[in-house]
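To start, the structure itself, in structure tokens.
The values are calculated or read from the model by the stated rules, or taken from the named source; none is laboratory data. Model, not experiment: these values are computed from the prediction. When we count neighbours, we look across all protein chains shown, and the Cβ atoms used for this are built from the backbone with ideal geometry, even at glycine.
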């Protein structure tokens, strides 16, 4: 069967299901005008903002990733919340009145929702702190909790304001599983610069997130190499490089810093913690 025909059949099925897409009868806790009562989020970063900003009773479902503490900063908040894998039929069956999606995930589902006249709120990827603030406020307004968005932005700003930047611009290289790094012009790059440091990935000549050859990492002579410390519980090829003898030698020299990737994967007040930890490690290294 041709892919276009299959997509058309699936779209037709979803359209049929969508006849009942009108919101389910509101519960007492969701009776506030203009405040959605059945929110579904379709990617991890959407999960984190929705779970932090909306009332628990407003959330109909999040992704299965939200409850995994290895990658999520809201695992506790996600406990007991229904989950989906972002399939169109799952979403329609939940009869949401707000769907929050990411710009690069569940694109088939997003496309089908648009085709049946139910476009989701699509979140971009902030490249700086202004973008983080704007996205927090965007989601807060969408879930009908603007005051919580303002409070979250204030928490972020307080965290950033308390950071004492490094006295001198030490050079930092981030190495994640599979040797992915932080690209120049990204939120991770803004985090590094806010700590008063220099992103070595920019010197290597990368203009987007990509894999860094271990030889390049070794020759870059970074003052600090930031590694993920999120224990997976099982060995993996993606993590194997992070235990290479070269990096073990850097650990022995006190030139590595472990920060869980989950703290700076998505926009939120937790990114201020990364800035603070980078700055503190740089000050210690500079002594």
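From the list 201, 190, 179, pick out the single residue that is in the same structural domain as residue 263 (by TED's automatic domain parsing), over 30 Å from residue 36 (Cβ atoms) and at pLDDT 90 or above. Result: 190 is the single residue among 201, 190, 179 that is in the same structural domain as residue 263 (by TED's automatic domain parsing), over 30 Å from residue 36 (Cβ atoms) and at pLDDT 90 or above.
Determine if region 149-159 includes at least one residue that is more than 21 Å from the chain's Cα centre (by Cα) and either free of Cβ contacts under 8 Å to residues at least 12 places away in the same chain or not in a loop (DSSP other than H, G, I, E, B) (or both). Looking for residues that are more than 21 Å from the chain's Cα centre (by Cα) and either free of Cβ contacts under 8 Å to residues at least 12 places away in the same chain or not in a loop (DSSP other than H, G, I, E, B) (or both), one finds none in region 149-159, hence no. Criterion applied to 238, 280 was being in a helix (DSSP H, G or I), more than 18 Å from residue 128 (Cβ to Cβ) and modelled with pLDDT of 90 or more, and the one residue passing it is 280.
Of all residues assigned to region 205-219, at least one qualifies as being at pLDDT 75 or above and surrounded by fewer than 17 Cβ atoms within 10 Å (Cβ to Cβ).
Residue check: residue 62 meets all listed conditions (1) in contact (Cβ under 8 Å) with a residue 40 or more places away in the chain; (2) within 19 Å of residue 36 (Cβ to Cβ) but one, namely (1). Considering every residue within region 252-272, establish whether at least one is crowded, with 18+ Cβ neighbours inside 10 Å, touching a strand residue (DSSP E or B) at 6+ places or on another chain (Cβ under 7 Å), modelled with pLDDT of 75 or more and under 24 Å from residue 126 (Cα atoms). Among the residues of region 252-272, at least one is crowded, with 18+ Cβ neighbours inside 10 Å, touching a strand residue (DSSP E or B) at 6+ places or on another chain (Cβ under 7 Å), modelled with pLDDT of 75 or more and under 24 Å from residue 126 (Cα atoms), which makes the answer yes.
Looking across region 86-98, the residues that are without any contact (Cβ under 8 Å) to a residue 60 or more places away in the chain and in contact with a helix residue (DSSP H, G or I) (Cβ under 8 Å, 6 or more places away or on another chain) come down to 86, 87, 91.
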